[in-house]
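A short write-up of the structure that comes next.
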Amino acid sequence: MRVIGLMSGTSYDAIDAAAADLSLDGDSLVLRPLGLVSEAYDEELREALAAALPPAATSLAEVCRLDTRIGQAFAAVAVRADRELCDGEAELIASHGQTVYHWAAQGQVHGTLQLGQPAWIAEATGLPVVADFRPRDVAAGGQGAPLVSLVDLLWLRSRPGTPVALNLGGIANLTAPDGTAFDTGPACALVDAAARGLSGGRLAYDVDGALAARGTVHEPLLRRLLDEPYYALPAPRTTGKELFHPGYLRDALAGFGTLRAEDVIATLTRLTARTVADAVRAVRATEVIASGGGTRNPVLMSMLAAELPGVPLRSSDALGLPSAAKEAYAFAVLGFLTAHGLAGTDPASTGARHPSVLGSLTPGRDGLRLPPPADRAPVRLVLK
């Protein structure tokens, strides 16, 4: 089955579309990557989204407008991916949508909301769409995150030792071979917020880690940031920009006077490296395989390597899975599993009571024609 996975993460800077040929071969799920296309949100839509996210107030009218406009933006990228990557022969779209709220309190997730109405994608492409992946796991008592953990488990199973998959997006998350999976804390979220705020909006992020490279870690600020109670919560745990937002950063900086922008960003980069490394040590990892936008920040990767002496740190690119496209490929896999009646979660990773077939289906132009249910779930992911 030829599937397009659509993804926009907590940095909400762009929509990624990865296409793959997927098939079941005995107990293996075989993935042949077909490529990635990516489109930045137009600035007006990105600003509207940023203005509506917690802790800001919004209205149902604005939520409706965002659901529609994000759905239309996802649809445009899906059409392009079908044309450029699939020669017009895609069979299914799997859309993560844009997370706008993850309702977590006292270590439990009560609800989650992703916008990007899938009807626009189905109408534009004519293809069936699987969307709203997270709510089913939450309804089953899970954290609804990290949902890529099942794909990581299938992929890591053939590697020796205790490899962990690490994603460095707005929020960092990891998956260990025993199914342990959780959000470690911020990856790029606070660094991006600082770069934007301290540059007066000129910078959306710390390009190539240049600001952090010119800065010095401010140890008192780092100690204050490390006192965040979230880091002491047991796994599985999940977080987002509901906690790690610009206001959080302003509160953390209070009382320190005027710090150089470079020093603040160096400190936040060290915070990410330290909290990720603490999580990696907690699961006794023998290897870290990293993906996500944070891998393009050489200062972050250098700090992380320094925090983990003796633990090899590799990019998923080196193992055949493009780092920039990994999450979009993961949702293509989850959509494929749903279409075949297979669960897309591992309860050990999300804390759910049981595995669940994920998502809601929107029929395509020709109605809803699903393949026969699979006889058994795959136990490994093979890249071709």
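The values are calculated or read from the model by the stated rules, or taken from the named source; none is laboratory data. These numbers come from a predicted model, not from an experiment. Cβ: placed from backbone, ideal geometry, glycine included. Neighbour counts: every protein chain shown. These accessible areas exclude ligands, DNA and RNA; they are computed on the full protein's heavy atoms, side chains included. Shrake-Rupley method; radii C 1.70, N 1.55, O 1.52, S 1.80 Å.
The table that follows gives values for the structure above.
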read-out	value
Kirkwood-based Rg to Rh ratio, region 301-358, C-alpha trace	1.14
Largest to smallest principal axis extent of the C-alpha atoms in region 183-226, angstrom	28, 26, 18
For region 28-146, size of Cβ-based charge dipole, Lys and Arg +1, Asp and Glu -1, in debye	360
The chain, accessible surface, carbon-and-sulfur percent (1.4 angstrom probe)	52
Fraction of alpha-carbon pairs over 18 Å apart in region 95-170 - percent	55
Global geometry of region 143-207, whether rounded, prolate or oblate, following the gyration tensor of its Cα atoms and the 1.5 cut on a/c	prolate
Kyte-Doolittle mean at least -1.0, axial Cα span of 18 Å or more - DSSP H helices of the chain	60-86, 261-282, 326-339
Calculated on alpha-carbon atoms, Rg and Dmax of region 1-130 in Å	15.9, 50
Share of alpha-carbon pairs per 5 Å distance bin for region 229-297, given as whole %	3, 11, 19, 25, 21, 13, 7, 2, 0
Region 36-94: radius of gyration and largest Cα-Cα distance (Dmax), Å	14.3, 43
Pairs of alpha carbons in the chain whose separation is greater than 31 Å (percent)	32
Loop-located trypsin sites (Lys or Arg not before Pro) in region 140-227 whose Cβ has at most 10 other Cβ within 10 Å (DSSP)	R202
Antiparallel DSSP beta bridges within the chain, percent to nearest 5	65
Sequence of Y329, Y231 from largest to smallest accessible area, 1.4 Å probe	Y231, Y329
Share, in percent, of DSSP beta bridges within region 137-282 that are antiparallel, nearest 5	100
Per residue accessible area in Å² of the chain, where ligands, DNA and RNA are left out and the probe is 1.4 Å	41
Unit Cα scatterers, Debye sum, region 256-384: log10 I(q)/I(0) for q = 0.10, 0.19, 0.20 Å⁻¹	-0.51, -1.17, -1.22
For R32, solvent-accessible area (1.4 Å; no DNA, RNA or ligand), Å²	110
Helix-derived mean residue ellipticity, 222 nm - over the chain, DSSP H n ≥ 4, -39500 (n - 2.57), to 500	-11000 deg cm²/dmol
Average projection area in nm² (convex hull over Cα atoms of region 1-68, one quarter of hull surface)	6.5
Inter-probe distance in nm under a simple model that places probes 7 Å from Cα toward Cβ, at T162 and M1	3.5
Mean projected area in nm² (Cα convex hull; one quarter of hull surface) for region 146-300	8.8
The chain, relative contact order [Cα under 8 Å, separation at least 6], %	24
